[in-house]
């Protein structure tokens, strides 16, 4: 199975959240993860990268997939970061579907999937 380096946008150290479960399952299936979000903490050996007032986030240029766990109303502040990362695809998990961001991503040649990362992993579609 190919390692698909995955940026988890909306990462959290809270084990009851879907973003945490996705990080756990991706790690268990030997996919490298880059957790990014507003919560401080660590996920499976990776520090959660946070946007700080005086410092912008590093742009990762080797990302296969961004899996979104940020609600639509909080996504616009992440548009530039997402598009500059230039992932091969973005997975819009349930509740994150955003036609505006999907259109911007497609215009940049980024594949868009409206799906659940957890289901994709469990069914071998990841």
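Derivation of every value follows stated rules applied to the coordinates shown; laboratory data play no part. Predicted model, so just to flag it, every value in this text is computed and none were measured. Virtual Cβ from ideal backbone geometry, glycine too; neighbours counted across all protein chains shown.
Can you compute the FRET efficiency between residue 17 and residue 64 using 1/(1 + (r/R0)^6), with r the Cβ-Cβ distance and R0 = 30 Å? Round to the nearest 0.05. Don't skip to the answer; put the middle values down first.
Numbers: r = 22 Å, r/R0 = 0.74.
Efficiency computed from Cβ-Cβ geometry: 0.85.
More than 14 angstrom separation, counting every C-alpha pair in segment 1-49; what % is that?
On the way: 461 of 1176 pairs.
The share of Cα pairs beyond 14 Å in segment 1-49 comes to 39 percent.
Where the centre of each part is set by its Cα atoms, how far does segment 57-115 sit from segment 29-48, in angstrom?
17
Once you have the Cα-Cα distance between residue 30 and residue 49, take 0.36 nm times their residue separation minus that, and quote the gain in nm to one decimal.
Details: separation 19, 0.36 × 19 = 6.84 nm, distance 2.01 nm.
Computed gain between residue 30 and residue 49 is 4.8 nm.
Determine the equivalent ellipsoid of the chain by diagonalising the alpha-carbon gyration tensor, then write out the semi-axes as square roots of 5 times the eigenvalues, largest first, rounded to whole Å. Mind dumping the intermediate values first?
Values: eigenvalues 73, 66, 39 Å².
Values for the chain, descending: 19, 18, 14 Å.
What ranking do 69, 81 get, fewest neighbouring Cβ atoms within 10 angstrom at the top?
Numbers: 69 22, 81 18.
Taking fewest neighbouring Cβ atoms as first place, the list is 81, 69.
Test of understanding: in a Gaussian network model of the chain with alpha carbons linked when under 10 Å, which of 86, 103, 39 would top the mean-square fluctuation ranking?
Per the Cα network of the chain with a 10 Å cutoff, 103 tops the list.
With a cut-off of 8 Å between alpha carbons and a minimum separation of six or more residues, what is the relative contact order of segment 1-90 in percent? The partial results should precede the final answer.
Details: 156 pairs, mean separation 27.5, N = 90.
This gives 31 percent for segment 1-90.
Between residue 79 and residue 102, what is the label-point separation in nm under the 7 Å Cα-to-beta-carbon projection?
1.7
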